[in-house]
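Notes follow the structure.
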Amino acid sequence: MTGSAPLTAAEMVQRLRGELDEHMAVEQQLLSARLAHAERLGNLGWAEWNLQTGESVWSDHAYAVFGRDPDEGPVPLRDLVRHVEPLDRAALDRLLRAVVNLAEPGQTEFRVRSQGEIRNLRATLDLVVTGGHATVHGVIQDVTDRRRAERIISESQRQLLEARERAAEERRVSMALREVIMPGLGTAIDLPGARVGVRYVPAGMKDGLGGDWHDATVLPDGRVLLTIGDVSGHGLPAMAQMTRLRTALDALAMTGESPERLLTWLNDLVMHRFEETTATAVIGHLDPAAGVFSWSQAGHPAPILIRGGVATPLDPPAGVLLGATQAEPYELARVRLIEGDLLLLFTDGLVERRDRDIDEGLALALEAAAGLSRGDLDAGVDRLIRSVGGPNPEDDTCVLVIDVLA
């Protein structure tokens, strides 16, 4: 058996050269694939313009960036400016002059229109001289999505700034109205036969007022009017309705009519003049001479009586919230008070929270109310609000504590 003839030196060189060429071709294919992948990821393409021959060469993705049909071929360097939106031509022309005439690399952004669509492109250009030939090398990137995102962010920031300015203006108006409607919030009120501690905590500790309101004033016959209420809604609309309702009550109370009669009149007003509005309220008359508190309620939490360190909610008389119906009458309840008694009136913002049952809030209020004492009424109101959960992030809170004097 005869073996194959050994390769000559020339044949071995030829084989090695073929294997090397094949290896280099594979490497070139891999490099081209990686470059094309990088172009797609970066949404960019490369271009070369030979200044001596006028020949232009673009990568495949450069056509995609420009939105240009590859069959049309690359855009010659001398014609590039004409393919740009008119307002951006001057900037690109300056860059080309600097690169070609001064050999200064640089970049600029411009817009092109393709199939009715505006694209934002960024070009980075450089002059490369090899073997006596000058070639402009460029990388063109489509930054349309980035600029669109920046515009969206800028618009969002503008809208946020406007919202903040509106909120600041609303707070300013709200604070001004607060001083007009209920001046001296947070200070104790001294009345015949009683001293009243007041706290008003707007939703989320914001400035101003919402729909909660109160009043503590002396009537012409010497009785003390004690009221607290809550108009549905938030912000300035709720404040506007609250102001109308509170003003109406101030006027009606001067008649000296009983609390249940006052609530009946207020309900008529809400039903016929306050469209799509409801409200809750407690209206009471404290008679210092008789030591009696007469009160009525319209869908509102009942006052709490604190006597001898024991807190007990008063039994509420019948009464539905204002604006619900005219078919149900309001009833009157009376409780005899003695010196040292405390009465706690509050809006539901004190006890209601989204993350807990209202009965739990009422239980906390009763526990905290039992700790109130006459000696530190103002500080005691603050402790009570903290004990029940602090400022309500979603609803206003109004609290009155009445110290019954001799």
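The values are calculated or read from the model by the stated rules, or taken from the named source; none is laboratory data. Since the structure is predicted, the reported quantities are computational estimates derived from the model, not experimental observations. Cβ sites come from the backbone with ideal geometry, for glycine too, and all protein chains shown count toward neighbours.
Assorted remarks:
- Set side by side, the residues 249, 236, 219 differ, and just one is closer than 28 Å to residue 391 by Cβ and in contact (Cβ under 8 Å) with a residue 60 or more places away in the chain, which is 236.
- Subset tally (residues that are touching an Asp or Glu at 6+ places or on another chain (Cβ under 7 Å), among the hydrophobic types (A, V, I, L, M, F, W, C) and within 21 Å of residue 231 (Cα to Cα)) for the stretch 365-406: 1
- Residue-level analysis places residue 172 outside the set of residues that are under 30 Å from residue 62 (Cα atoms) and surrounded by 11 or more Cβ atoms within 10 Å (Cβ to Cβ).
- Residue identified as of a type in the set (Val, Ile, Thr) and under 18 Å from residue 320 (Cβ atoms) among 247, 243, 255, 280: 280
- If you filter the stretch 188-216 down to residues that are over 21 Å from residue 295 (Cβ atoms), of a type in the set (A, V, I, L, M, F, W, C) and not in a loop (DSSP other than H, G, I, E, B), you find that the one that is modelled with the highest pLDDT is 201.
- The stretch 108-139, subset acidic (Asp, Glu) and in contact with a strand residue (DSSP E or B) (Cβ under 7 Å, 6 or more places away or on another chain), residue farthest from residue 77 (Cα to Cα): 109
- Of the residues making up the stretch 41-63, just one is buried (at least 17 other Cβ atoms within 10 Å of the Cβ), touching a residue at least 40 places away in the same chain (Cβ under 8 Å) and in a helix (DSSP H, G or I), namely 62.
- Listed by position, the strands (runs of 3 or more DSSP E) inside the stretch 260-356 whose residues that are within 43 Å of the chain's Cα centre (by Cα) and modelled with pLDDT of 95 or more number at least 3 are 279-287, 292-298, 304-307, 310-313, 342-346.
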